[in-house]
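What follows is a set of notes on a single structure, which appears directly below.
Laboratory data are not the source of any read-out in this text; all were calculated from the coordinates shown. None of the values given here were measured: they were computed from a predicted structure. Cβ coordinates were reconstructed from backbone atoms using ideal geometry, including for glycine residues, and neighbour counts include every protein chain displayed.
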Amino acid sequence: MATIKVHGVPMSTATMRVLAALYEKDLQFELIPVDMRAGAHKQEPYLSLNPFGQIPALEDGDLSLFESRAITQYIAEEYSEKGEKLLCPGCKKVKATTNVWIQVEGQQFDPNASKLAFERVFKGMFGMTTDPAAVQELEGKLQKVLDIYEARLSKSEFLACDCFTLADLHHLPAIHYLMGTDSKVLFDSRPKVSEWVKKITARPAWAKVIDLQKQ
Amino acid sequence: MGGIKVFGHPASTATRRVLIALYEKNVDFEFVHVELKDGEHKKEPYILRNPFGKVPAFEDGDFKIFESRAITQYIAHEFSDKGNNLLSTGKDMAIIAMGIEIESHEFDPVGSKLVWEQVLKPLYGMTTDKTVVEEEEAKLAKVLDVYEHRLGESKYLAADHFTLVDLHTIPVIQYLLGTPTKKLFDERTHVSAWVADITSRPSAQKVL
């Protein structure tokens, strides 16, 4: 009984973030496509699901949510007993550490990685030209973040603790796109980061998200 | 009991975010001043507390974290039975999570740029870029239109009581009220009333 509906498209990084969480939890859901090219996301009825006119949005029965990282956290907590654990079991302090790295992805990693993916991947899809100066600047910033990740992953198997959590999952869409570009060297050249990328992208739930793109 | 320490700067919006949460919860803490103008935040020992070289950092006994919004959430949960309730229960927590993301990704980047251009640059002897201010104000207006609509339906952003979602906006709003950008808040009825309410809370007053 699919009470969960996701409004979005498989190509969108934020939609992929939510799909990954749903697959990790083995949850049934319906993916309702949003016609971005027609600007459906900027008009009603979509706007009543997300007044910022961005995808994805999620409905679970009566509850309506947007912002991918709020949705994944809802999924992880509401369905904590199902499928894979996406939050470290343990006391509040472990949860707080997970939250630190969830914030880090949102505040430090994603602003740079998303812009870089836009330059290297999406601009081409939309018939625009990559700006090499922007790529250089963004790679410079991303390298500094990845140096910090390298140090962190030398002390911890995953970012927040020794198990895979939302803090790792949230990175998957941007990493997926960047690993198909010359920017992959930033990840490959850092041993611990490289190992972590291989582990998180090899997860079966992630493979299902990629499969959706192929359909 | 090692106690709570906040490492930061009293003028920093992110530091203030944490201080307001501690005041709301009536929790004792020690404030350790980090001298930003000497680059203290970019060097050891501070950088060991926050590898991104930003303020604030936080410790509760042996437990050390950074990122202001992770810290406020820790405070809200750890001291849930003290002071004012900053959270919701059950599924309503998802609304709080959503509000935290919106403030982080939609409000703060724009609000912070406006604070930088109009408040901080002049302090550092640099010139405000009027084009940037105009662009960012246009973006902020759109965000505030969403907030205006929301506050027409809900007393506070995420619930009918004050929560972290409202709290996180206070430091940036406080600065913007001292600039021409104040008009964007004043010209929206519900936003204007909400701003007056949240900035008059004793916790908000204490960080000024």
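Among the candidates A:70, A:76, A:40, which residue alone is away from chain B (no Cβ under 14 Å) and either crowded, with 17+ Cβ neighbours inside 10 Å or of a type in the set (Lys, Arg) (or both)? Sole residue among the options that is away from chain B (no Cβ under 14 Å) and either crowded, with 17+ Cβ neighbours inside 10 Å or of a type in the set (Lys, Arg) (or both): A:40. Within the stretch A:117-138, identify whether any single residue is surrounded by 17 or more Cβ atoms within 10 Å (Cβ to Cβ), of a type outside the set (Ser, Thr, Tyr), touching a helix residue (DSSP H, G or I) at 6+ places or on another chain (Cβ under 7 Å) and within 14 Å of chain B (Cβ to nearest Cβ), and answer yes or no. Within the stretch A:117-138, none of the residues are surrounded by 17 or more Cβ atoms within 10 Å (Cβ to Cβ), of a type outside the set (Ser, Thr, Tyr), touching a helix residue (DSSP H, G or I) at 6+ places or on another chain (Cβ under 7 Å) and within 14 Å of chain B (Cβ to nearest Cβ). Any residue in the stretch B:87-99 that's at the interface with another protein chain (Cβ under 9 Å from one of its Cβ atoms): show its pairings with residues that are small (Gly, Ala, Ser) and assigned to a loop (DSSP other than H, G, I, E, B) at Cβ separation under 8 Å, as long as the two are six or more apart or on different chains. Pairs found: B:95/B:88; B:95/B:158; B:95/B:159; B:96/B:88; B:96/B:158; B:96/B:159; B:98/B:158; B:99/B:158. Within the stretch B:83-97, the set of residues being of a type in the set (Gly, Ala, Ser) and part of a loop (DSSP other than H, G, I, E, B) comprises B:83, B:88, B:90. Inside the stretch B:60-82, residues that are free of Cβ contacts under 8 Å to residues at least 60 places away in the same chain, more than 7 Å from every other protein chain (Cβ to nearest Cβ) and in a loop (DSSP other than H, G, I, E, B) make up a count of 4. Looking at this structure, is residue B:158 small (Gly, Ala, Ser) and touching a residue at least 40 places away in the same chain (Cβ under 8 Å)? The answer is yes for residue B:158. Candidates B:30, B:24, B:59: the one that is over 26 Å from residue A:145 (Cα atoms) and in contact with a strand residue (DSSP E or B) (Cβ under 8 Å, 6 or more places away or on another chain) is B:30. Of the set (1) aromatic (Phe, Trp, Tyr); (2) within 22 Å of residue A:100 (Cβ to Cβ); (3) part of a helix (DSSP H, G or I), all apply to residue A:164 but (3).
What residue, of A:183, A:154, is free of Cβ contacts under 8 Å to residues at least 40 places away in the same chain and not β-branched (Val, Ile, Thr)? Step through it out loud before you land on a result.
Numbers: A:183 fails: free of Cβ contacts under 8 Å to residues at least 40 places away in the same chain.
Selected residue: A:154, the only one of A:183, A:154 that is free of Cβ contacts under 8 Å to residues at least 40 places away in the same chain and not β-branched (Val, Ile, Thr).
The stretch A:42-144 holds helices (runs of 4 or more DSSP H) entirely within its bounds, and those carrying 2 or more residues that are in contact (Cβ under 8 Å) with a residue 40 or more places away in the chain, under 23 Å from residue A:11 (Cβ atoms) and of a type in the set (Ser, Thr, Tyr) map to A:68-78. Restricting attention to the stretch A:144-164, the residues that are surrounded by 23 or more Cβ atoms within 10 Å (Cβ to Cβ) and within 19 Å of residue A:207 (Cβ to Cβ) total 0. Considering only residues that are in a helix (DSSP H, G or I), surrounded by 14 or more Cβ atoms within 10 Å (Cβ to Cβ) and of a type outside the set (S, T, N, Q), which ones fall in the stretch B:199-208? Answer for the stretch B:199-208, where residues must be in a helix (DSSP H, G or I), surrounded by 14 or more Cβ atoms within 10 Å (Cβ to Cβ) and of a type outside the set (S, T, N, Q): just B:204. The test for being farther than 20 Å from residue A:179 by Cβ, surrounded by 15 or more Cβ atoms within 10 Å (Cβ to Cβ) and among the small types (Gly, Ala, Ser) holds for residue A:83.
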